[in-house]
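Working notes, beginning with the structure itself.
The values are calculated or read from the model by the stated rules, or taken from the named source; none is laboratory data. Predicted, not measured: the structure shown is a model, and the values here were computed from it. Reconstructed Cβ throughout: ideal geometry from the backbone, glycine too, with neighbour counts over all protein chains shown.
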Amino acid sequence: MERRRVVVIGSGFGGLFTTKGLADAPVEITLISKTVSHLFQPLLYQAATGILSTGEIAPATRDILRKQPNATVLLAEVTGIDLTSRMVTAEKLGHTITVPYDYLVVAAGAGQSYFGNDQFEIFAPGMKTVDDALELRARIFGALEMAELSDSEEERERLLTFVVVGAGPTGVEMVGQIAELTRDVLVRSFKRIDTRQARVVLLDAADAVLPGFTPKLSASAKARLEKIGVEVRLGARVTGLDETGVDVSFADGSTERIVASCKVWAAGVQASPLGKQLAEQSGGEVDRVGRVAVQPDLTLPGHPEVFVLGDMMSLDRLPGVAQVALQGGKYTARKIAGELAGQPVTEPFKYKDKGSMAVVSQFGAVAQVGKLSLTGFVAWAAWLGVHLVYLVGFKNRLSTLLKWAITFLGRSRSERVTTEQQLVGRLARKQLGDDFQPSIWATFDSDREQR
Ligand SMILES: Cc1cc2nc3c(=O)[nH]c(=O)nc-3n(C[C@H](O)[C@H](O)[C@H](O)COP(=O)(O)OP(=O)(O)OC[C@H]3O[C@@H](n4cnc5c(N)ncnc54)[C@H](O)[C@@H]3O)c2cc1C
């Protein structure tokens, strides 16, 4: 019998776990992703703050799948899905491919949302991609380098002010690390500036830090951040953001401009625009952040052959977390394999909540697992264990464990390489325009044709 064609879009948790789950099924899988790696987003902040290398948090997808003969990995950005002809179109550097499917799994995740203020992006990168992490690393360490160079008190103050917008887990983890770097880790590395003088600010329009956690854990996280010197400003809505600072409007009606050179945006998400395409073609719906409403079995209404997973799907108010995507991927693989084996899976997708965690400071975290609330070192150790388990690949786990031991016991940051290209790359691409394609591969192709 001819093997069924499965196209998987995305190499995140949803896409990868679907693909791995179909290893023994009679299918040919084409995994198309616009990035070469399986990115473990929860540890992006550690790449941005010099703890881990990008290779440790983003192993190559084709390496992970090299022993799976039925999976082909293609690096390309999917630009079109045609539900009628069952075709996916993808592009990379001027090359266009179309791939037919019998089953389609769409797990393209979510990007950063600036709530309609996209002009903020070049001044305050988000935390979604490897590029983001490297740019932020260059901005954080770069600001300190520039402060060391400067003779102007005013300029130093601007360079030594760090603002993180968004007090969810990403913002809290990021701001905690910046505080630790400036208060402790880097103090002796700089001679002309005292990094302890840095102002580290966390802003959020909500009235609590980590609003998804219990009030007790939120309060504990806030107190811990304040203890390590973070200025936590709640009820604080960002109304403007530019090269030199952030304009904030507070719940009590007051306003303030915080002069700061390094800003991080960790405040909102927007699902992949592929969701809108799917909804338009199927007559389905997308929610406020662009997630597609799916059936209880994760399929698109009217299209039992199309699955939408993870951060792109809207079902029962499930959160945008790794476990939803990972478990959705495993379920989808079971569903497709079951159907092909004549043993259809009839039960709906059931999410098992394994809890939420966030690291706040050195050896300090908060964790909520069912009714159990943990804080401090116990929560931190639990966080460490869980993240280690879900990192893909034994080598990665081992090197991450070693790096953590060196970092946390020796109080150093070994991944501090930054380049000017990382710092200005986003701006350069913006100036070249969204349609700009470097022609290096095209040149290579034409050379080959001539030979
Ligand atoms: C900074 C940060 C910290 C987080 N911390 C936690 C945490 O502590 N715990 C937790 O549970 N969750 C956390 N999350 C959320 C978690 O990472 C996501 O819920 C999860 O990654 C979603 O998986 P996914 O497969 O849906 O999407 P993703 O993992 O985002 O993967 C999407 C994939 O699609 C690809 N892609 C996108 N568009 C296209 C396209 N057009 N064509 C081809 N490929 C495309 C991308 O390259 C990527 O490979 C965090 C997220 C971030 C950003």
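Look at Val88 and say whether it is within 14 Å of the ligand (Cβ to nearest atom), touching a helix residue (DSSP H, G or I) at 6+ places or on another chain (Cβ under 6 Å), farther than 17 Å from Arg3 by Cα and at pLDDT 95 or above. No: the conditions fail for Val88. A single entry from Pro125, Pro169 fulfils the requirement of being buried (at least 20 other Cβ atoms within 10 Å of the Cβ) and in contact with an Asp or Glu (Cβ under 6 Å, 6 or more places away or on another chain): Pro125. Would you check if there is a residue in region 278-293 being without any contact (Cβ under 8 Å) to a residue 12 or more places away in the chain and not acidic (Asp, Glu)? Among the residues of region 278-293, at least one is without any contact (Cβ under 8 Å) to a residue 12 or more places away in the chain and not acidic (Asp, Glu), which makes the answer yes.
Taken over region 1-46, the criterion of being charged (D, E, K, R) and touching a residue at least 12 places away in the same chain (Cβ under 8 Å) is satisfied by Arg3, Arg4, Arg5, Lys20, Asp24, Glu28, Lys34. Counting only residues that are of a type in the set (A, V, I, L, M, F, W, C), more than 19 Å from Ile228 (Cα to Cα) and in contact with a Phe, Trp or Tyr (Cβ under 8 Å, 6 or more places away or on another chain), region 368-393 holds 3 of them.
Does any residue of region 104-118 turn out to be in a helix (DSSP H, G or I) and within 28 Å of Ala48 (Cβ to Cβ)?
Going residue by residue through region 104-118, those that are in a helix (DSSP H, G or I) are 118.
Those left that are additionally within 28 Å of Ala48 (Cβ to Cβ): 118.
Checked against the condition, which is being in a helix (DSSP H, G or I) and within 28 Å of Ala48 (Cβ to Cβ), region 104-118 yields at least one hit.
For first residues located in region 106-130 and touching a residue at least 12 places away in the same chain (Cβ under 8 Å) and farther than 23 Å from Gln177 by Cβ, partners that are part of a helix (DSSP H, G or I) and small (Gly, Ala, Ser) and lie 6+ apart or on another chain with Cβ distances below 6 Å form the pairs Ala107/Gly14; Ala107/Gly15; Ala107/Gly310. At least 1 residues being within 16 Å of the ligand (Cβ to nearest atom) is the threshold, and among the strands (runs of 3 or more DSSP E) wholly inside region 252-345 those reaching it are 262-265, 269-271, 303-308. You will find that of Val99, Val130, the residue that is surrounded by 17 or more Cβ atoms within 10 Å (Cβ to Cβ), more than 19 Å from Ile57 (Cβ to Cβ) and within 13 Å of the ligand (Cβ to nearest atom) is Val99 and no other. Scanning region 332-377 for residues that are under 21 Å from the mean Cα position of the chain (by Cα) and of a type in the set (Val, Ile, Thr), we see that the one that is surrounded by the most Cβ atoms within 10 Å (Cβ to Cβ) is Val360. Taking Phe115 and the conditions (1) on the phi > 0 side of the Ramachandran plot; (2) surrounded by 15 or more Cβ atoms within 10 Å (Cβ to Cβ), which numbered condition does it fall short on, given that it satisfies the others? Phe115 satisfies all of (1) on the phi > 0 side of the Ramachandran plot; (2) surrounded by 15 or more Cβ atoms within 10 Å (Cβ to Cβ) except (2).
Okay, residues lined up against (1) crowded, with 16+ Cβ neighbours inside 10 Å; (2) among the charged types (D, E, K, R):
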{"site": "Thr239", "(1), (2)": "no, no"}
{"site": "Asp242", "(1), (2)": "no, yes"}
{"site": "Ala251", "(1), (2)": "no, no"}
{"site": "Ala260", "(1), (2)": "yes, no"}
{"site": "Ala266", "(1), (2)": "yes, no"}
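What helices (runs of 4 or more DSSP H) lie completely within region 138-242 and have 2 or more residues being without any contact (Cβ under 8 Å) to a residue 12 or more places away in the chain? Can you show your working first?
Numbers: elements: 153-159, 169-180, 215-227.
Passing ranges, in order: 153-159, 215-227.
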